[in-house]
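The block underneath contains the structure these notes are about, expressed in structure tokens.
The values are calculated or read from the model by the stated rules, or taken from the named source; none is laboratory data. Bear in mind the structure is a predicted one, so any value in this text is a computation, not a measurement. Please note: Cβ atoms are built from the backbone with ideal geometry, for glycine as well, and neighbour counts cover all protein chains shown. Accessible surface areas use protein heavy atoms only, side chains included; no ligands, DNA or RNA. Shrake-Rupley method; radii C 1.70, N 1.55, O 1.52, S 1.80 Å.
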Amino acid sequence: MPKDLITPFDPERFAKQIALDDMMRGLLIAGVISAVLATVLLPGMAIVSGLIAPAVVLGLWLWLSVSTARVARSLTTFGELMAAQPDQAEDAMRQMLSVKPVMRWARLLSYHRLAGMRHLQRRFTETAAICLCLLSQPLKGPAAATRPHLLLMLAEAQLEVGNLPGAYHALAHLQQTRLGLAQSLQRLAIQTRYELAVGAYDHALHRARAKVELAELMPAKHCAAMHAMLATAAQRAGQTRQSDWLWERTRLLAGPDLMPQLEQGGFSMAVVEPDTDNGDEPA
């Protein structure tokens, strides 16, 4: 377990960071407008407006740009670092979050990476809190591509902590979100697990054959878990023949190590992995 160098996520601290970043951007815009207005309306202040004001604006712009570039460079290597050296990844994340001010998209992407790291560490309460805060923000520019992954992490994290209403709302939003193939398979697994949890066995078994075919595109353990969930749904719905067939396929896929867990209803497979491909560079 990597050493925890970051204080637990605090929505208020997150909001203050966003406000500070926005304030700096606002000061930059206000400085440019003020310099232009001073030149037009106060010709007697030409020296100030022509030299000092632009220098201040340039300084603010350089500060914001350099800070943002520093975070962007860290974002591009964070995925590999998290996989190879978790302790260093924790320290790298602490440094990324401490940089200020940065452009909004860079701040949001930093927290998206933090949510992915916490999800990988199975700290699902914190994952859900981060995802909820990020999804409450306008996700624009490079950060816009993170929305599907945030919803997937949120849905799975809510299931893991037993918050079924929270999982339902995340899944409902996913139904209205454009997903790639891998994300669609993850949503299918999470949706089926949710339907089992709420006793919606008929919904879980709807188009079961098609779901079995889609499951074959999943990684091996997730494919086995999907078969086991469908087998459990069929068993509880009284469809013995279908249940027996699905359990037989599950045994072939799972092997002796995973099978006992699946037979006991252990469907927690962390199907959503950290996403390090979205929005590393500004559009």
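Values for this structure:
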item	result
Any hit, region 152-173, residues being under 12 Å from the mean Cα position of the chain (by Cα) and among the β-branched types (V, I, T)	no
Total residues in region 165-213, condition basic (K, R) and surrounded by 17 or more Cβ atoms within 10 Å (Cβ to Cβ)	3
Residue under evaluation G162, criteria (1) open to solvent by 30 Å² or more (accessible area, probe 1.4 Å); (2) in a helix (DSSP H, G or I), criterion not met	(2)
Subset of region 83-98 [in contact with a Lys or Arg (Cβ under 8 Å, 6 or more places away or on another chain) and open to solvent by 10 Å² or more (accessible area, probe 1.4 Å)]	D87
Qualifying positions in region 88-147 - within 12 Å of F9 (Cα to Cα) and outside any helix (DSSP H, G or I)	R123
